[in-house]
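One structure is given here, and the rest of the page talks about it.
What follows is calculated from the coordinates using simple rules that are stated; it is not laboratory data. Here the structure is a predicted model, which is why all the values come from computation and not from measurement. Glycine gets a Cβ as well: all are built from the backbone with ideal geometry, and neighbour counts include every protein chain shown.
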Amino acid sequence: MDNRPIGVFDSGVGGLSIWRAIRKLVPQENLVFFADSGHVPYGEKSTEELTDLTGRITAFLLDQGCKLIVVACNTATVHAIDHLRTRFSDVSFVGVVPVVKTLARLTRTGTIAVLSTPATAESTYLADLIGEFASDKRVVNVGCDGLEDLVEAGNLRTKQTTALLERHLAPVRASDADVVGLGCTHYPFLRNRIKTLLGPGVRVYDPSRPVARRVRQLLREHDMLGSNSNPEFRFFTTGDTELFGSVATKLLRFPVRDVGYVEL
Ligand code: DGL
């Protein structure tokens, strides 16, 4: 048994979609969530900036006593997780990447679509995933700038959000894609809107649960499962603590209070 917390981080509130799945699957774990809201969006940053920021965040989470680090951000995973694994070689990391393999297996039309940030959409990591698992498929790869900022502000149902979603979903609707992967952890909070706009013929995949299952599997393998009957959830941000608390409370329908401010 190991009652140290699991560290989960993202550029902002998006990683809470993964936090929520982990909390549900392993409810006796203490969790520390870190939102780098002071530097959002990651989707428009370079690999160098991302390795630097995520290295500092990992060091902070290890200082908090975390036993495992979840990179709850596709952009940070595809650009920085290899670097983190080399730099913190004795630490276990779990990342999240677009579910290309699953989409390729499930499509009936032979066309899959991936929605992600521009930095993920243009990454060699995603190109390699497509090459490995979907080389015989047509792939609609959409870099969706701006969506994460709207989720950060808690704007899930505004006209502006619908207009931006319509723009980013246009190439998907124009194709015969029948499966869509949410390749940014902010997007599960827009999943219902996306489903409505795409219609009933298109299935939308959110990788949060598989990531949580991988966390549980690693904890089991390393004999690190926690057994807290009254688990503690702590939250930190590099941005506005009040804003993070109120948006996180709205997204999770769970009271997020006492958010700590961190200067990276
Ligand atoms: N939530 C992040 C992801 O999964 C990044 C959002 C952003 O900061 O651009 O890619």
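The table below lists the values:
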{"read-out": "The chain: angle of helix 124-133 to the longest principal axis, Cα-based, in degrees nearest 10", "value": "60 degrees"}
{"read-out": "Dimensionless Rg over Rh [the range 220-264; C-alpha; Kirkwood]", "value": "1.12"}
{"read-out": "Cα long-axis angle, helix 159-173 against the chain (0 to 90 degrees, to the nearest 10)", "value": "60 degrees"}
{"read-out": "Label-point separation in nm, residue 102 to residue 225, each point 7 Å along Cα→Cβ", "value": "2.3 nm"}
{"read-out": "Kirkwood hydrodynamic radius over Cα pairs of the chain, then Stokes diffusion coefficient at 10 °C and 1.306 mPa s, in µm²/s", "value": "86 µm²/s"}
{"read-out": "Cα-based convex hull volume of the range 58-173 per residue, rounded to whole Å³", "value": "131 Å³"}
{"read-out": "Mean projection area, nm², convex hull over Cα of the range 136-210", "value": "5.3 nm²"}
{"read-out": "Rounded tilt (10° steps) of 47-63 against the dominant C-alpha axis of the chain", "value": "30 degrees"}
{"read-out": "Dipole moment magnitude, nearest 20 debye, the chain about Cα centre, only Lys, Arg, Asp, Glu C-beta charged", "value": "1300 debye"}
{"read-out": "Among the listed pairs 45/67; 67/101; 45/250; 24/195; 137/250; 195/250, those beyond 31 Å (Cα-Cα)", "value": "137/250"}
{"read-out": "Modelled FRET efficiency - R0 45 Å, residue 128 with residue 159, Cβ distances, 0.05 increments", "value": "0.75"}
{"read-out": "Efficiency of FRET from Cβ geometry, residue 166 and residue 195, R₀ 22 Å, rounded to 0.05", "value": "0.95"}
{"read-out": "Label-point separation in nm, residue 232 to residue 250, each point 7 Å along Cα→Cβ", "value": "3.0 nm"}
